[in-house]
Structures are given as C-alpha cells and as structure tokens.
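**Student:** I am attaching a structure below and will ask some questions about it afterwards.
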Amino acid sequence: MRESGVTLVTVGVFSWALLEPHEGMHDFGWLDRVLDDLAGAGVDVDLATATASPPPWLSRRYPETLPVTAAGTRRWPGGRQAWCPSSPVFRDKALSLVETMAGRYAGHPALAMWHVSNELGCHNAHCYCDVSASAFRRWLADRYGDLETLNEAWGTAFWSQRYSDWEQILPPRAAPTFPNPTQQLDFRRFSSDELLAHLRAETEVLHRLTPEVPVTTNFMAMKFARNMDYWGWAASVDLVSNDHYLDAADPESHIELAFSADLTRGLAAGRPWLLMEHSTSAVNWQPRNLAKTPGQMRRNSLAHVARGSDGAMFFQWRASAAGAEKFHSGMLPHAGPDTRVHREVRQLGADLAALAAVRGSEVEPAQVALLFDWQAWWATELDSHPSTDVTYLDQVLVYYRALWRAGVRVDLARPEADLSGYRLVIVPSLYLVPDAALESIRGYAAAGGHLLVTYFSGIVDGDDHIRLGGYPGAFADLLGVRVEEFAPLAAGQQVTLDDAGRATVWTEDLALAGASAVRSYTDGPVPGRAAVTRHAVGGGLRWYVATRLDEDGTARLLHRVCAEAGVGALVEAPAGLEAVRRRGAGGTSFLFLINHTDSDAVVPGTGTDLLTGVAHSGTVPVPAGGVVVLSEPEG
Ligand code: GLA
C-alpha cells in the first residue's frame, strides 16, 4: 500500500459476523492488528461501523429484522444488507456494536474517519413488513396531523380508499392494480427518512464517544441508485463521500461520471468531498463487465478530483479469491502486482501525491444550474402516467450531456436553492413541483433570469395533485404557453420539426399565450403546433421545450440559449476534452484538462503541469487519453 501511495483505507465494512460471532461476544483481535499495522505504516483508516449486514445469528434469532417485499415475501439472509430499516431490534443491536467499536478505537492513531454502515439503502431501501407499516403510520401522523388531511392529500375519495382509522393504512403493498400514487410517493419519502434516521442514530453514538473524528457514509449519487433523497441527508454527515461505478454499456460513461461528481459537489454545497469507491477496472454486477482501457482509470479518478473530490478511493484493495465479488477488479489483481492495473494504481498514487496542493480548493461555480430532485424522480416514474417513455434521468442527462459536450460546466442544484447567481437555469422534466420549489423558480425568472423548462414539468404539487388550468401547470403563465392536452408518441415514433430536426417520445397540443414559436412540428399528432417556445420578459428569457429533441437538435438549441444568456465554455477546446477549474485559498487555481479522445489536443492555458512539472505558456498539449493539471499563475 505504501508503494502505491495509499494514504487512507476503509476497513471493516461487512465484518459484523467476524467482530461479534455470537450475540454480545466480541472478537476484535484481528481488527486491532489491522489498525495497528496501518498506523505503523502511516496509513489512515476510515473505520466502518460494520453494521451494513447483520450476522447469521441475528437473523436467526430475530427473523422479524429481515426485510419484506411488496408482495409480502420475507427476504432470506445469505446475501447482504438483509435488514428492515424500521426494525427497533436491528437498530438496537447495530447501535450496541457501534458503541463497543467507538469505545474500543477512540484515540487509536489510525482512526481518521468513521464510515457508517455502507451504501445505506443499496438493497433494502423499501421494507413492507408490519413493523414498517407501524412506523409508516407514525411518519404519516407526523406529516399530516389528522386523518382528514391525509385523506385529502392522498385523494382517497377516488376508488373507495377513504381511511376512517389509522390502523387501516398500509405501505403500498402489491395490490390488484395501481396503488394510490400519493401513498407510493409518501412511502418513498418515509423510506428515505428511515434510513436517514439510522445514519443519524449511529452518528450520534460516534459523535458522543469520538467527537473529534469526522463521520461519513458513502452516498450513491449516481444513475444506479435513486431511493435516497440525498438533499435531505447531506447535512447529516461531516464529510460528503460518494461511490461511483461506470455503466459499461454507456459509450460516454465519462459524462455520466461527471454528472455524478457534479451532483455530489452539489450535495457538499460546493465544498470538497471524497470519492469513497470506484473501480480500477471491471465490476462484477452488470450483464457484461467491460475492463477499463489503459489510462481510463486514471482519467476517471482525476475527473472526480477535478470536480471536487479530495482523493480517489476504490473498492477493493485486493481482488477477492472467494465470495460474490471475486470477479470485481481490485487495486491488486488476482494476477498479482506485476500487472497493468496495479502499475496504473501506483501511477495514480504518484499523481495524487503530486496534486497535494489541490486539496481543499473548490470547483469554480458554474454559470448554469441544472435542477435535480430525487422526489421529482420518484414521482415522474410512478405508474399510470401518460407514457412510460418519459423517464426522469433521461431528460436530466440529455441536457447534462449536451452541455458537457459543449464544454459548458453546470452545477446540480435542488429546486428550492438560491438560484440568483446563475445566468441560466435548466429545469428538465420536473413533474413534481412543491410550492417552495415553484416560488424559487418563479423568483429567479422574475428577477430577469434565463430559464429553460422541458416537457412534463410543473404538472403536480407536492401531494401529486394536478396543478389545474392547463399544462405545464406551475409554469404555464411563466412560460407564456397553454397546453390543453398531451400528445405522447407511439413507441419508436419520430416527428419532424420545421428546421428538419427530429424528435421522439412526446409532443403537446400547445397554444402560445405570450411566447413565440422557435420550432414547430411539420407532422405527427399536432402538426403546426410549437415544439420549442421563447418568451422574453423583463430582460430575461424563458424557453419551453415540449418534446424530446434529438442530440443534434438539443445541441443547436442550447448553443442559442447559452449565447443569449451570455454563457460560454470554460476553455475553447476540441470535443471530448474536459476542462474544470478549482480555486484555492490565496488566489491559487488549478485547471484540469482531461482528454477523453484518441487524438492529441492543444488547448489554451498557462501554468505548470503538476503531474509532470512542465511549464506551459499560452497553449498546452494534452495527449490522447492524457490528463494535465495546470497550477495557474496567481492574479
Ligand atoms: C458497492 C459496495 C461495495 C462493492 C461495490 C461493487 O459500492 O459498497 O461493497 O459491492 O459496490 O461495485
């Protein structure tokens, strides 16, 4: 590890069964040795509380702690994370282990950080058992106060669902047809809150026993996980950390990586964060697990650092010889240290050491905010909607990718955030818009901001009730349009626009009410109707995109929207060259240039490359697949 430049190791995740082989009987000998060895080698430890997976004795003695599916099937132990987030028995046993661990390792020289559980909610975000049902009712009583208010919010007059007693209320278990949508939405909110409560309960013990040690838990702010509302979690950790894994099927996975890193920085409120896990090469849990190409892991790691991470950590140090993840890459592969992957690990260790000055600096704020909201994600994809082709992350990533390709940096922001510093705010398919979010977006536009809203936005309030008066309800007046009826497209259907562009998925029977048409359909269900509109009000511009433009059409539209908002690329660079700047105290700045293409590139820039020590003045060559980190001259 020392030779690889490793400075921080996560230890103990999933080791409850080793640490407490029988209830109340502990064996810490092996962990003592690991921590002592690491301390001796000058390597810090991010010590897991080990509660992520209960040991076999726990589920055997307390089977009620096992989670239950919507159909009522109790999940068996044998995998990992088989616990009900609302179980008081599980909570009690977990906190007792945390208390013992924190007491034992308080003051240990290796202990640098606590790692609560692991990827909370990765496999057990939703439990439908009777214990969860009671906890759900308590959560609902807290939210609504009385049954009448709940009945109103859930719209229970429909389909004979009116509740006359709290005991009648259940989680949205498998029903003959669509369960009540607000019940589903509230259950998702409740489930995220239950896991957050677990995080807070463990953190409370750790803060009490080791107040000087920061506490984190590894978030999964990425496309593979959507069940936790991390906007509500971020304030509960001392340091935001995130796990990210590439989708091997995505030819532009480096863009989704940038999205995940930007989202994590948003959660960290712009402060540095930590990449807790990614992979040196292939994972083992996708259908086809592609190995990373030479240099790809280095680009991935440094792209996270460029976007605010103060390090790059991996699952796992040594590729396992046994168990479910034995085909997952590691820093030390099955074939040993004399391997390409391990040589690249050592190179990365040297690179990160060379970037020591970057630590603590912050990514320069972007000119564009892209609004992102987990609750809107859940609500958008509830059942019985106009089209299953309207999915949330799709729209978010369509706009994120187009801006990334144009070299325009964005911040991911929650809809309720202060947006006043941005030149342009993009609102992709924000179906659910609670009043506070609406006020925030309205306020931004009223102050002369440039706003771009896309289809299926502003449709419902926080209770999933339609905002009446024509679509896009919350935003119709703001955008100067009025839609009487949606006109979703058939599977695979394409429509043509008057600039010869193509669109798919969605169209709307849209009437102009102040806005002007920028593009219209020439065919499809609503020929002649506007597909893209522009509404100039008080110095600001409000754009509405009522269809899913193709990649080229999105790029052309954003080119115009950005130009009118005075938004530009950070660096004039060829396609596929990623540029991000971090600024440190005392006027230091670091320009990261990452070349994701097979061709050498030259971009404007001045400063010394921290990775090579070479000084550049005016232009910087960035080799194919390579990375340059310029320490820029001050002032
Ligand atoms: C998650 C977990 C790790 C491991 C990796 C595999 O991030 O935290 O324990 O399972 O996935 O990619």
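**Student:** Out of Asp351, Asp383, Asp373, which single residue is buried (at least 19 other Cβ atoms within 10 Å of the Cβ) and more than 21 Å from the chain's Cα centre (by Cα)?
**Tutor:** Asp351
Table: residues versus (1) at positive phi; (2) surrounded by fewer than 23 Cβ atoms within 10 Å (Cβ to Cβ); (3) within 11 Å of the ligand (Cβ to nearest atom); (4) not in a loop (DSSP other than H, G, I, E, B).
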{"residue": "Phe224", "(1), (2), (3), (4)": "no, yes, yes, no"}
{"residue": "Asn242", "(1), (2), (3), (4)": "no, no, yes, yes"}
{"residue": "Asp250", "(1), (2), (3), (4)": "no, yes, no, no"}
{"residue": "Arg265", "(1), (2), (3), (4)": "no, no, no, yes"}
{"residue": "Arg299", "(1), (2), (3), (4)": "no, yes, no, yes"}
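For (1) open to solvent by 70 Å² or more (accessible area, probe 1.4 Å); (2) out of contact with any Gly (no Cβ under 6 Å at 6 or more places or on another chain), each residue gets a yes or a no:
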{"position": "Thr156", "(1), (2)": "no, yes"}
{"position": "Ile169", "(1), (2)": "no, yes"}
{"position": "Thr182", "(1), (2)": "no, yes"}
{"position": "Leu185", "(1), (2)": "no, yes"}
{"position": "Leu195", "(1), (2)": "no, no"}
{"position": "Glu212", "(1), (2)": "yes, yes"}
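**Student:** Is there any pair linking a residue in the range 261-282 that is closer than 25 Å to Leu371 by Cα and polar (S, T, N, Q) to one that is part of a loop (DSSP other than H, G, I, E, B) and within 16 Å of the ligand (Cβ to nearest atom), with Cβ under 6 Å and at least six apart or on different chains, and which?
**Tutor:** Cβ pairs passing all conditions: Thr264/Ala221.
**Student:** Could you go through the range 283-294 and let me know if any residue there is away from the ligand (no atom under 16 Å from the Cβ), in a loop (DSSP other than H, G, I, E, B) and open to solvent by 10 Å² or more (accessible area, probe 1.4 Å).
**Tutor:** There is at least one residue in the range 283-294 that is away from the ligand (no atom under 16 Å from the Cβ), in a loop (DSSP other than H, G, I, E, B) and open to solvent by 10 Å² or more (accessible area, probe 1.4 Å).
**Student:** With the checklist (1) within 15 Å of the ligand (Cβ to nearest atom); (2) in contact (Cβ under 8 Å) with a residue 60 or more places away in the chain; (3) of a type in the set (D, E, K, R) in hand, flag the one item Arg318 doesn't pass.
**Tutor:** Arg318 satisfies every listed condition except (2).
**Student:** I'd like the residue in the range 414-442 that is closer than 26 Å to Ala569 by Cβ and polar (S, T, N, Q) and, out of all such residues, is most open to solvent (accessible area, probe 1.4 Å).
**Tutor:** Ser420
**Student:** Based on what the data block shows, is Leu275 surrounded by fewer than 23 Cβ atoms within 10 Å (Cβ to Cβ) and touching a Ser or Thr at 6+ places or on another chain (Cβ under 6 Å)?
**Tutor:** No, not satisfied.
**Student:** A follow-up question, please. Which one of these does His254 not meet: (1) away from the ligand (no atom under 14 Å from the Cβ); (2) assigned to a loop (DSSP other than H, G, I, E, B); (3) over 12 Å from Met222 (Cβ atoms)?
**Tutor:** (2)
**Student:** Could we say that Val628 is touching a Leu at 6+ places or on another chain (Cβ under 8 Å), surrounded by 19 or more Cβ atoms within 10 Å (Cβ to Cβ) and free of Cβ contacts under 8 Å to residues at least 40 places away in the same chain here?
**Tutor:** yes
**Student:** Let me ask something else about it. Report whether or not Leu541 is in a strand (DSSP E or B), open to solvent by less than 20 Å² (accessible area, probe 1.4 Å) and in contact (Cβ under 8 Å) with a residue 60 or more places away in the chain.
**Tutor:** yes
**Student:** Let me ask something else about it. Give the residue, chosen from Ala324, Ala312, that is open to solvent by 10 Å² or more (accessible area, probe 1.4 Å), within 18 Å of the chain's Cα centre (by Cα), of a type in the set (Gly, Ala, Ser) and within 16 Å of the ligand (Cβ to nearest atom).
**Tutor:** Ala312
**Student:** Test each condition in (1) in contact (Cβ under 8 Å) with a residue 24 or more places away in the chain; (2) more than 16 Å from the ligand (Cβ to nearest atom); (3) of a type outside the set (A, V, I, L, M) for Asp92 and report the one that comes out false.
**Tutor:** Checking Asp92 against (1) in contact (Cβ under 8 Å) with a residue 24 or more places away in the chain; (2) more than 16 Å from the ligand (Cβ to nearest atom); (3) of a type outside the set (A, V, I, L, M), the one that fails is (1).
**Student:** Since Asp411 meets every condition but one in (1) assigned to a loop (DSSP other than H, G, I, E, B); (2) surrounded by 19 or more Cβ atoms within 10 Å (Cβ to Cβ); (3) among the acidic types (Asp, Glu), which condition does it not meet?
**Tutor:** Failing condition for Asp411: (1).
**Student:** Looking at the range 142-181 only, could you name the residues that are farther than 20 Å from Ile466 by Cα and among the aromatic types (Phe, Trp, Tyr)?
**Tutor:** If the condition is that a residue be farther than 20 Å from Ile466 by Cα and among the aromatic types (Phe, Trp, Tyr), then Tyr163, Trp166 are the ones that fit.
**Student:** Output the residue which, of all residues in the range 609-622 that are under 17 Å from Ala306 (Cβ atoms) and open to solvent by 10 Å² or more (accessible area, probe 1.4 Å), is farthest from the chain's Cα centre (by Cα).
**Tutor:** Among them, the one singled out is Thr612.
**Student:** Scanning the range 286-309 for residues that are within 19 Å of the chain's Cα centre (by Cα) and among the hydrophobic types (A, V, I, L, M, F, W, C), which turns out nearest to Arg582 (Cα to Cα)?
**Tutor:** Here the residue is Ala306.
**Student:** If you don't mind, there's one more thing I want to ask. Scanning the range 95-122 for residues that are part of a strand (DSSP E or B) and within 16 Å of the ligand (Cβ to nearest atom), which turns out surrounded by the most Cβ atoms within 10 Å (Cβ to Cβ)?
**Tutor:** Only one residue tops the list, namely Trp114.
Condition check ((1) within 16 Å of the ligand (Cβ to nearest atom); (2) among the basic types (Lys, Arg); (3) under 20 Å from Ala141 (Cβ atoms)) across all residues:
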| residue | (1), (2), (3) |
| --- | --- |
| Asp193 | no, no, yes |
| Leu199 | yes, no, no |
| Glu202 | no, no, no |
| Leu206 | no, no, no |
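**Student:** Pick from the range 173-212 the residues that are assigned to a helix (DSSP H, G or I) and of a type in the set (Gly, Ala, Ser): which of them is farthest from Leu47 (Cα to Cα)?
**Tutor:** For the range 173-212, the residue satisfying everything is Ser191.
**Student:** Is there a residue being away from the ligand (no atom under 16 Å from the Cβ), under 18 Å from the mean Cα position of the chain (by Cα) and aliphatic (A, V, I, L, M) anywhere in the range 213-220?
**Tutor:** Checked the range 213-220: no residue is away from the ligand (no atom under 16 Å from the Cβ), under 18 Å from the mean Cα position of the chain (by Cα) and aliphatic (A, V, I, L, M).
**Student:** Looking at the range 142-154, which of its residues are part of a helix (DSSP H, G or I), surrounded by fewer than 18 Cβ atoms within 10 Å (Cβ to Cβ) and either modelled with pLDDT under 95 or not β-branched (Val, Ile, Thr) (or both)?
**Tutor:** Asp142, Arg143, Tyr144, Glu148, Asn151, Glu152, listed by residue number.
**Student:** Just one of Leu47, Leu18, Leu66 is open to solvent by less than 60 Å² (accessible area, probe 1.4 Å), farther than 18 Å from Phe315 by Cα, at pLDDT 95 or above and among the aliphatic types (A, V, I, L, M); which is it?
**Tutor:** Exactly one of Leu47, Leu18, Leu66 is open to solvent by less than 60 Å² (accessible area, probe 1.4 Å), farther than 18 Å from Phe315 by Cα, at pLDDT 95 or above and among the aliphatic types (A, V, I, L, M), namely Leu66.
**Student:** Which is among the hydroxyl-bearing types (Ser, Thr, Tyr) and within 16 Å of the ligand (Cβ to nearest atom), of Ser134, Ser53, Ser86?
**Tutor:** Ser53
**Student:** Here is a list of conditions, (1) touching a residue at least 24 places away in the same chain (Cβ under 8 Å); (2) in contact with a strand residue (DSSP E or B) (Cβ under 9 Å, 6 or more places away or on another chain), and Pro63 meets all of them except one; can you say which number that is?
**Tutor:** (1) is the only condition that Pro63 fails.
**Student:** Could you list, in sequence order, all residues of the range 601-618 that are outside any loop (DSSP other than H, G, I, E, B) and under 19 Å from Arg582 (Cα atoms)?
**Tutor:** Across the range 601-618, the qualifying residues are Val603, Pro604, Gly607, Thr608, Asp609, Ala615, His616.
**Student:** Test Leu489 against the stated conditions and say whether it is of a type in the set (A, V, I, L, M), in a loop (DSSP other than H, G, I, E, B) and closer than 22 Å to Thr388 by Cβ.
**Tutor:** Here the answer is yes, as Leu489 does meet what is asked.
The values are calculated or read from the model by the stated rules, or taken from the named source; none is laboratory data. Just so it is clear, the structure is predicted and the values come from calculations on it, not from any experiment. Note: ideal-geometry Cβ built from the backbone for every residue, glycine included; neighbour counts use all protein chains shown. Ligands, DNA and RNA are excluded from the accessible area calculation, which covers all protein heavy atoms including side chains. Shrake-Rupley method; radii C 1.70, N 1.55, O 1.52, S 1.80 Å.
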